[in-house]
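Peer 1: Sharing a structure, written as structure tokens. Questions coming.
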Amino acid sequence: MGIKGLNALVSENAPRAITSSEMKSLFGRKIAIDASMCLYQFLIAMRQQDGSNLTNEAGETTSHIMGFFYRTIRMVSLGIKPCYVFDGKPPVLKGGELEKRLKRREEAEAKAKELKETGSVEELQKFERRTVRATRQHNEDAKKLLKLMGIPFVEAPCEAEAQCAELAKKGKVYAAASEDMDTLCYKPPYLLRNVTAAESRKLKVDEFNSEKILEGFEMDLNTFVDMCILLGCDYCETIKGVGPVTAMKLIKEHGSIEKIIEAIEKNPKSKYRVPENWPYKEARELFLHPEVKDGNEVDLKWTEPDVDGLIQYMVRENGFSEQRIRDGAEKLKKGLKTGTQGRLDGFFKVTGTIKKRPAEDDKKKGGKKKAKTTKSRKK
């Protein structure tokens, strides 16, 4: 779900923190991608004309396999080196949100069943998309494919977004890529959105600079995380009656959730209601000190694809075109070699303080030295 309303608040209060550019501008970059988000995107987007999932002869879904294969090739062909990060066990606090998602999915399944008899194709497809869930088998399929493609992946101990941010903070990758805005709470140097979106060929990639966001809001990370909890996250409910604008106003005025609660409790006429046993402190801890693998201990390696293995898995087991898979493997080989050339901005770095030239010093002194030099030349 991410953080409710955060994208709009960042756009309004820290517009300089966001830049939009073509995917090709990421040439030479390594990026860590939220694989769990990709699974949902591909299962929803990669479908047959009648709206049903792509399947192999055994009736097993292959939409996610197709998505990972072709989207990854596109990135690599543009000189980008992606690595994928898979979710581990969900935090205990996320249980309530997961239950809500399950209930919504069950309601969508019931509605889809009803619409098969009476509804239009468009209505049916709308509710069928809401029934999508990524299974353990889908995850294992994606990992097997990535290994054959020579693309590294990381299994996070907990939240994938937090691990993506950790890899970026430790310099293993340039940025974390996810559609979830709560990734900003883990403070990666940069967050990328629309990298794997279904409309990625049309959409530009949005890059969020974490430091500039904090500067724009005039907050430190602790205060920013408190604001995000007030906005609404996956870990706990919000204060009743507090929307995005009010959340930012309250945090600006009081500085922390504790002080906001104190102000509400002191005012018997307050229209805001703090939830009972509100676990905001636990949510804060999950954002500020997430369970992740130390980025320094993660070794990311991109290798040549196993063409024979890809043919066996993609063609013989899942029914894809052999020529297309071979062509894709060649693009992978070529793209990974091109990506190793790196970016020009990686070679030019400012080291130390730039000293002023003598002429600039002369100007500061009123040009006396320069006049003397000119006089001596006349002699």
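The values are calculated or read from the model by the stated rules, or taken from the named source; none is laboratory data. The model shown is predicted, which means the values in this text are computed figures rather than measured ones. Glycine gets a Cβ as well: all are built from the backbone with ideal geometry, and neighbour counts include every protein chain shown.
Peer 1: Quick test for you: out of LYS301, LYS252, LYS281, LYS269, pick the one residue that is within 26 Å of GLU12 (Cα to Cα) and not hydroxyl-bearing (Ser, Thr, Tyr).
Peer 2: Every option except LYS252 fails the conditions.
Peer 1: Related question: Any residue in the range 232-244 that is in the same structural domain as TYR272 (by TED's automatic domain parsing) sitting within a Cβ distance under 7 Å of a residue that is of a type in the set (D, E, K, R) and assigned to a loop (DSSP other than H, G, I, E, B)? List the pairs, counting only those 6 or more apart or interchain.
Peer 2: Correct list of pairs: GLY232/LYS4; GLY241/LYS271; PRO244/LYS4.
Peer 1: Considering the range 202-217 alone, what residues qualify as being touching a residue at least 24 places away in the same chain (Cβ under 8 Å) and part of a loop (DSSP other than H, G, I, E, B)?
Peer 2: LYS204
Peer 1: Just for the range 219-245: of the residues that are at pLDDT below 95 and among the hydroxyl-bearing types (Ser, Thr, Tyr), which one is nearest to the chain's Cα centre (by Cα)?
Peer 2: Among them, the one singled out is TYR235.
Peer 1: Given the criteria modelled with pLDDT under 95 and over 20 Å from PHE27 (Cα atoms), does SER200 qualify?
Peer 2: no
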